[in-house]
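The block underneath contains the structure these notes are about, expressed in structure tokens.
Readers should treat all values here as calculations from the given coordinates under stated rules, not as data from a laboratory. Small disclaimer: the values here were computed from a predicted structure and weren't measured. Backbone-built Cβ (ideal geometry, glycine too); neighbour counts: all protein chains shown.
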Amino acid sequence: MRSVIAADRPAPIADHGAYWTDGLAPMPSTHTDIVSEADVVIIGSGYTGMHAAIVTAKQGKTTQVLEAQTPGWGCSTRNGGQISSSIKPTQTQLAKRFGSEKARAIRAEGQKSLDWIEEFITTHGIDCHFARNGRFHAAHTQSHFDELVAEAHRLGVEENVPTIVVPRQDQHQELGTDAYFGGIVFTQHASLHPAKYYAGILRTAIDAGVRVTGNCPAIAIERSGIHFIVSTPQGKIKAGKVVVATNGYSGSLMPYVQRRLIPIGSYIIATEPLSKSVMDRLFPKNRVVSDSCKVVYYYRPSPDRSRILFGGRVSANETDPAISGPKLHKNLYRIFPELAQCGISHSWSGSVAFSFDELMHIGQHDGVHYAMGYCGSGVGMASYLGMRLGQQVSGLAEGGTALDNLPFPTRPFYRGNPWFLPAMVGWYQWRDRWQYRRAQKSSAKTCAGHFAGNVTKSVG
């Protein structure tokens, strides 16, 4: 390994860039200039915007995509590459808000997104290491495990979602650690290489006739009769339809969505290469992993199984990869103590967007289309809703979803600056640590009592 560290010292980091872009072939060429008029102008070149553009272009509509940075600059090439069925609120929680039938339909959109992204990748021949290896959702405490078991049963009965319950004594069959109290496996969940996936999307869009222009932010959107005028540093574009697909990078361009999204930084590290024996011991079934903490950690083997990619929120405040990297490493070796002296090769971050109701949202406001608020599950759902948004903009009946135009809540006086986030994250982190310490102490006492009982029986 290039660097060796002690467990109580910060990990040196070789590269503050994303692991995914190492050795990546150049992205397909895009345009440097814009058109003066388009049927559809899409603001944001991430998964949502590009998938919407592919549909509108294939429907014969002139489509201009605007990107403030270079295409793929944001979370589209920086995320963890994990794909779930996306919908965070449970059937019970949604039923209280929308009724049972609507709740089932909303939950079903998550499974549709998972199935659809696999179909898209296969149909377009995108080489991005897509694999349905399953996700191990680890229990942070014994009570969390009990809740997960109950949820697994409900998912099987009510939604026909296959899961595998893994008690603590069998945990090493899924994950080489004693840090958790068992968990459940979502067998259908998947992973991919996000940068290669994005490159495939971009190539598909360009081949369909989409005009993608980077380093050209949208400055303003104005209504002009039945059309829109989108202002950029290069000039103005007359648009028939406008799509805002900016998610975690939404600013003041569209105040309506800015007031309803909470931008949150997510941070990831990559380890130095590990031996095959270590990887086989820690990830015997190549699962991606998440845990039941309120401030969740997510991690996985790299596609070539040479490294661990480990992510999460490590600070109550926004920080930079030089600071987040050592903190993530500390949590990595808390879970895998044998990695205390493993070096870190990369540390990077990206912005995700949460909504106040933990649902993604698709709809229109003042005639402008949008889809965003993926709450950390954007690989599958941003792709899927982007496609549906493109169908809606094109006037296709099949574009409808159970998520269309749901109430999109905000909070009084909120203007897009999450001033409350440090206190909230700090509280959740403290609670996670407290719950974990209490659970470990309780587990140790139980083990000690069991041992003492066995000794007494043996002596007797």
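Working from Cα positions, state the angle (0 to 90°, nearest 10) between the long axis of helix 194-207 and the longest principal axis of the chain.
So the inclination is approximately 20 degrees.
Want the number for residue 305 to residue 413: 0.36 nm per residue separation, take away the alpha-carbon distance, what's left? Can you show the working numbers first?
On the way: separation 108, 0.36 × 108 = 38.88 nm, distance 4.70 nm.
This chain segment gains 34.2 nm when fully extended.
Using each residue's phi in the stretch 44-52, evaluate 6.51 cos²θ - 1.76 cosθ + 1.60 at θ = phi - 60° and report the 3J(HN,Hα) Karplus result to the nearest Hz, with x for Gly and Pro.
x, 10, x, 4, 4, x, 6, 5, 4
Once phi is turned into ³J(HN,Hα) by the Karplus curve 6.51 cos²θ - 1.76 cosθ + 1.60 with θ = phi - 60°, what whole-Hz value does each residue of the stretch 345-358 show in order, with x for glycine and proline?
9, 9, 8, 8, 8, x, 10, 10, 10, 9, 9, 5, 9, 6
Report, to the nearest 10°, how far helix 100-123 tilts away from the longest principal axis of the Cα atoms in the chain, using its own Cα long axis and a range of 0 to 90°.
80 degrees
So if I take the centroid of the Cα atoms in the stretch 375-406 and the same for the stretch 111-140, what is the distance between those two points in Å?
17 Å
Grab every C-alpha pair in the stretch 90-185, bin the distances at 5 angstrom width from 0 up to the longest one, and report whole percents.
It works out to 2, 12, 17, 17, 16, 16, 13, 6, 1, in whole percents.
Mind checking the alpha-carbon convex hull of the stretch 43-90 and giving the volume per residue in Å³? Show your work: numbers first, answer last.
Details: hull volume 5.5 nm³, N = 48.
It is 114 Å³ per residue.
Taking amide hydrogens as modeled 1.01 Å from N in the peptide plane, which residues meet the under 5 Å criterion relative to residue 65, leaving out close sequence neighbours?
42, 211, 212, 213
When 172, 369 are ordered from fewest to most other Cβ atoms inside 10 Å of their Cβ, what list results?
On the way: 172 14, 369 20.
Result, fewest neighbours first: 172, 369.
At q = 0.13, 0.14 Å⁻¹, work out log10 I(q)/I(0) for the stretch 121-239 with the Debye formula, treating every Cα as an identical point scatterer and leaving solvent out; two decimals please.
Relative scattering, expressed as log10 I(q)/I(0), comes to -0.75, -0.77.
Checking the a/c ratio against 1.5 first, then a/b against b/c, what shape does the Cα gyration tensor give for the stretch 19-163?
The shape class here is prolate.
Can you tell me which lysines have their Cα less than 30 Å from the Cα of residue 238? Leave out same-chain residues fewer than eight positions away.
Output for residue 238: 58, 61.
Between residue 364 and residue 236, what FRET efficiency comes out of the Förster formula 1/(1 + (r/R0)^6) with R0 = 22 Å and r the beta carbon distance, rounded to 0.05?
On the way: r = 22 Å, r/R0 = 1.00.
Once the sixth-power term is evaluated, E becomes 0.50.
Run the helix sum for the chain: -39,500 (n - 2.57) per DSSP H stretch of 4+ residues, divided by residue count, reported at 222 nm to the nearest 500 deg cm²/dmol. Don't skip to the answer; put the middle values down first.
Working: 10 runs with 157 residues, N = 460.
Dividing the helical sum by the residues of the chain leaves -11500 deg cm²/dmol.
With Kirkwood's inverse mean 1/r over C-alpha pairs for Rh, give me the Rg to Rh ratio of the stretch 240-396, two decimals please.
Details: Rg = 18.6 Å, Rh = 17.5 Å.
Rounded to two decimals, Rg over Rh is 1.06.
If neighbour count is taken as other Cβ atoms inside 10 Å, put 385, 155 in order from fewest to most. Before the final figure, lay out the partial values.
Numbers: 385 31, 155 19.
The fewest-first ordering by Cβ neighbours comes to 155, 385.
Go ahead and run the numbers for FRET between residue 323 and residue 97, Cβ-Cβ distance against an R0 of 35 Å, rounding to 0.05. Please list the in-between numbers first.
Numbers: r = 38 Å, r/R0 = 1.09.
Once the sixth-power term is evaluated, E becomes 0.35.
Would you mind calculating the gained length between residue 146 and residue 252 on full extension (0.36 nm times residue separation, minus the Cα-Cα distance), in nm to one decimal? All intermediate terms of the calculation are to be shown ahead of the outcome.
Values: separation 106, 0.36 × 106 = 38.16 nm, distance 4.35 nm.
Length gained between residue 146 and residue 252: 33.8 nm.
Taking the highest mean first, how do the peptides 329-337, 45-53 order by number of other beta carbon atoms within 10 angstrom per residue?
Numbers: 329-337: 18.7, 45-53: 31.0.
Per-residue Cβ counts within 10 Å, averaged per peptide and sorted highest first, yield 45-53, 329-337.
Taking neighbour counts of Cβ atoms within 10 Å as a proxy for exposure, in what order, fewest first, do 63, 122 appear?
On the way: 63 31, 122 10.
Listing 63, 122 from fewest to most nearby Cβ atoms yields 122, 63.
Mean separation of Cα pairs under 8 Å and 6+ residues apart, divided by the residue count of the stretch 337-399: what relative contact order is that in percent? Before the final figure, lay out each step's value.
Working: 62 pairs, mean separation 14.4, N = 63.
Computed value for the stretch 337-399: 23 percent relative contact order.
Work through the residues other than residue 266 whose Cβ is under 11 Å from its Cβ and net out their charges, Lys, Arg +1 and Asp, Glu -1. Spell out each step's value before the answer.
Working: positive: 78, 313; negative: 318.
With Lys, Arg at +1 and Asp, Glu at -1, the neighbours total +1.
Shape call for the chain from the C-alpha gyration tensor, a ≥ b ≥ c root eigenvalues: rounded (a/c under 1.5), prolate (a/b greater than b/c) or oblate? Working shown, then result.
On the way: a/c = 1.98, a/b = 1.65, b/c = 1.20.
Prolate shape, in that a/c is at least 1.5 and a/b is the bigger ratio.
With labels modelled as points extended 7 Å from the Cα through the Cβ direction, what inter-label distance (nm, one decimal) is found for residue 33 paired with residue 220?
For the pair residue 33/residue 220, the computed spacing is 2.4 nm.
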